[in-house]
Structures are given as structure tokens and as C-alpha cells.
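Right, one structure below, let's go through it.
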Amino acid sequence: MVMQGIAGTYGENDKRTTGRMLDRLRHRGPGRKTIHVDAKATIGGVAFGRRLAVAEEKGVAVAGDIALFNRDELAKRYLGEAPDEYTDDDLLLSMYLKSGPRMFRLLEGGFAVAVSDRGRAVLARDQYGLKPLYISRDKKAGAFSSEIKSQVLHGVDFVPFPPGKVFVAGKGVGSAGPAPHTARVRMRDSSTTSRRIREAVLEAVESIRGPEGSFNVLLSGGLDSSVVAASAAKVAGRLETACVGTEGSMDMPMASRVAEMIGSRHREKVYDIDEML
């Protein structure tokens, strides 16, 4: 999966500004910028794009910065027998045409998505804020972008897009709602608490297993990354860990100890201040 950049205007189909905003995001995508423009007199229209292609069909266009964990599951549901090759945008376009903004509650993973629904902008961000997104304060007209240095080109005050929310131009922000099958673990005593946390962590790590069951973990030796790495060691077909830090950092020896305990293929990189800058 590649990092992707999206940007655009709503309530105004400002293609020029959108193009300038996307130029600031050239590092967030391998391709040329693609811009979709849809003018609608009653609501001012929308112009948006990203550093990859934009999916379009039946007056609806979709572009996003997306990393879904349940991609294949959704593809089988919305694309039938999932084709060998399809993009995340193809999937989300099909979902939106069938379910509208309600589709966002079905997405697991990180996403910042822009939709042009016959000239009306619809924006959404994942509930944990894993993918960055900024938006103007005005619900009728403004701009949005993946990064601050792109967003400032619009010249209007803006805020971070709230995680777990959906924005519809002209109407404002509403909740995407939790996924229907989101686990709600009720802790009753210490023994079941530890067991259920263990099961939940293992299940979460297994759900993002890469090709051939492989994992690559950035391991600092601290509690969070060590728990994730140890969990990956239990479900991985192949596990590689890496630690980066400055000379004398406690991260290096701690990460090395964890890597030895879980049996990962471990690499280290020591850098100085000049390299970091």
C-alpha cells in the first residue's frame, strides 16, 4: 500500500486551487495528479483529486488515502466474486453507489475519503484518525487536504477533520457510527480481563497479516511495540523487526532483547543528529 494524498474544494469547483494543493502533496503518491470537477449551481459544486487516479461512475467520483484491513471481505460482498485486480477506489465507489454514506461504518482500517455525489462533497475519516485530513470550518464552502502545507494554500481557517465522522457539504458533520461487528468486551474480573485482552490483541494483529503471513515491525523495545511484535511472532509465517535510534539510546538493547526472545530476524540502524536532520 502506498501513501496517498487528497485535496479539493467544496461549495466551489476551484480546479486551479485544487491543482496547487495537490502539487504540495507530490510526495504522497506515485502517479500524476488527477482532478475531478463537478459543477452544481445549487451547492457550488466540488473539485478534488489526488496523486493517483479518481474512480468515477454514474455521477459519483471517489478518491481516498486508504489502508483497509477488511478489503477482501468487502470486495466479495460488493464486487461479487472479487476480481483479481481492483483498486480501493473501485471498491468504495461500488459501496457508495449501493449504500451511500452508510458505507463508512463498514470500513476497518485507516482512511480519509472524498466523494463527489453529483456535485456535493462527502468526506469521511476513520475512527482512530490513522489517516490525516484537514478541512475548512465552513460547512457550505471551503477546502480539504491531507496535509497542512497543502491546506494553507486555500487561505481560509481550518481544523483537523474529526476522526470517525462524515461531512456532507451544506449539512455539516455527523457520526459514521461503529462497525456492526465491532467487539465490545465487558470486563468482569481480572482473570477474564487479561485473557480477553490477550485474545483481542492476537486477533487484531492477525487481521493485518501481510502476504504469505509476513510481518515487519518497527520495534523500540517499549511495551506497545513489544506486545505487537510478540503477538506477530505467534501468528506470523515470517517476522522481521527493526530498531532505529541514536548512539546510547535504550531502545537498541531493549529491542534486541525482545527480538531474541520472540525469534525475529532483527536489524538495527544507529544514526547521528546530522542524519536525523
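Overview of results
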item	result
Calculated FRET value between Glu212 and Asp23, using beta carbons and R₀ = 45 Å, to 0.05	0.75
Entries in Lys33/Lys140; Lys15/Lys139; Lys40/Lys131; Lys15/Lys76 that, when Cα-Cα distance is taken, lie over 27 Å	Lys40/Lys131; Lys15/Lys76
Accessible area of the chain belonging to carbon and sulfur atoms, whole % at 1.4 Å probe	51 percent
Column: log10 I(q)/I(0), Debye, Cα scatterers of the chain, q = 0.10, 0.13, 0.17 Å⁻¹	-0.63, -0.97, -1.26
At most 11 other Cβ within 10 Å, DSSP loop - GluC sites (Glu not before Pro), the range 231-277	Glu247
Stretch in the chain that is longest and holds no trypsin sites (Lys or Arg not before Pro) that DSSP places in a loop and that have at most 14 other beta carbons within 10 Å	189-277
Pairwise centroid distance, computed over Cα atoms, of the range 229-276 with the range 153-170, Å	38 Å
Label zone at Ser194, where the point sits 7 Å out along the Cα-to-Cβ direction: the range 219-253 residues whose backbone N lies under 17 Å	227, 231
Computed FRET value (nearest 0.05) for Val270 with Leu223, which takes r as the C-beta separation and R₀ as 35 Å	0.95
Nonlocal amide H pairs with Gln127, under 5 Å, H built at 1.01 Å	Gly164
Per residue, in Å², the accessible surface of the chain once ligands and nucleic acids are set aside, probe 1.4 Å	55 Å²
Spacing of the two label points (7 Å from each Cα toward its C-beta) at Leu97 and Arg137, in nm	4.0 nm
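The values are calculated or read from the model by the stated rules, or taken from the named source; none is laboratory data. These figures come from a predicted structure and were not determined experimentally. Glycine also receives a Cβ, built like all others from the backbone with ideal geometry; neighbour counts cover every protein chain displayed. These area figures cover heavy atoms from the full protein model, side chains too; ligands, DNA and RNA do not enter into them. Shrake-Rupley method; radii C 1.70, N 1.55, O 1.52, S 1.80 Å.
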